[in-house]
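**Q** Dropping the structure in here first, questions after.
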């Protein structure tokens, strides 16, 4: 299954990715923080890929730009015998580092891959000296559980609980409803992730606009399908979530871009979401937002 984000396309690793795997597994970052896998030739890389793909406990997604053909990194999903829950990992070539691709790709897998969403907890492990990895996990809202010993060395173990994961997916899906940059908008999704009585408020210098779901979707559906607003995408750039039992609140900062009446624009703003958990499912009950000016 291919997974898409604002800038990236993720696809399963195949035997044709041997030259990419050879380069990645001999990159300085991989050798320093993950270890030498003794992959020296493309034949070695083919054998490594085959071993990965034959193991039902492991999934690798190669990461590439939507408008490019060369892979820039991988996201890994592994159920290790010595850990209670599966762990997610990431590794990128030097050219793919420092652009937010690892954050974007990891989030895409967390919120889209069925094998991830079914677990009560997601783990991630890294070395204390891998500052980029630690910073990324903390930005993804993983919590540090402490140190564990694996393969004869001490590693930091991080975890993300299911409630935080499912709330994140709910908000991720909310933003994706209105994207028409690479696909048709999925307007019906709003009824799956929002309570039927949900209210949505837009605050601006001109005043306040209050919507129910129907009045909110109507005008947006029109401009996203009649050519007024094209190549549009909106995504969360940072967040803070607080959960108290079966209620939650999420502060969300977002960016958006597109062509409005043929004119390119980029903007950002803030949303506050309130959510409620019913029968194991988190749903949005209230949204208020304000664009930055």
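**Q** Could you say which residue among 30, 61 is surrounded by 20 or more Cβ atoms within 10 Å (Cβ to Cβ) and either at positive phi or assigned by TED's automatic domain parsing to the domain that holds residue 127 (or both)?
**A** Every option except 61 fails the conditions.
**Q** Then there is this: In segment 68-88, how many residues are farther than 16 Å from residue 165 by Cβ and surrounded by 14 or more Cβ atoms within 10 Å (Cβ to Cβ)?
**A** 9
**Q** Here's a follow-up. Within segment 181-198, which residues are surrounded by 17 or more Cβ atoms within 10 Å (Cβ to Cβ) and closer than 13 Å to residue 213 by Cβ?
**A** Selection gives 190, 193, 194, 198.
**Q** Mind checking which helices (runs of 4 or more DSSP H) fall wholly inside segment 1-59 and carry at least 3 residues that are modelled with pLDDT under 95?
**A** 28-33
**Q** What single numbered condition from (1) closer than 19 Å to residue 176 by Cβ; (2) in contact with a strand residue (DSSP E or B) (Cβ under 7 Å, 6 or more places away or on another chain); (3) at pLDDT 95 or above fails to hold for residue 235?
**A** Only one criterion in (1) closer than 19 Å to residue 176 by Cβ; (2) in contact with a strand residue (DSSP E or B) (Cβ under 7 Å, 6 or more places away or on another chain); (3) at pLDDT 95 or above is unmet by residue 235, namely (3).
**Q** Kindly evaluate residue 72 against the criterion of being within 29 Å of residue 131 (Cβ to Cβ) and at pLDDT 95 or above.
**A** Spelling it out, residue 72 is indeed within 29 Å of residue 131 (Cβ to Cβ) and at pLDDT 95 or above.
**Q** Let me ask something additional. Please report, ordered by residue number, the strands (runs of 3 or more DSSP E) entirely within segment 203-293 with at least 2 residues that are surrounded by 15 or more Cβ atoms within 10 Å (Cβ to Cβ).
**A** So the answer is 229-244, 247-260, 263-278, 281-291.
The values are calculated or read from the model by the stated rules, or taken from the named source; none is laboratory data. Please read all numbers here as calculations on a predicted model, not as lab measurements. Don't worry about glycine lacking a Cβ; one is built from the backbone with ideal geometry, like all the others, and counts go over all protein chains shown.
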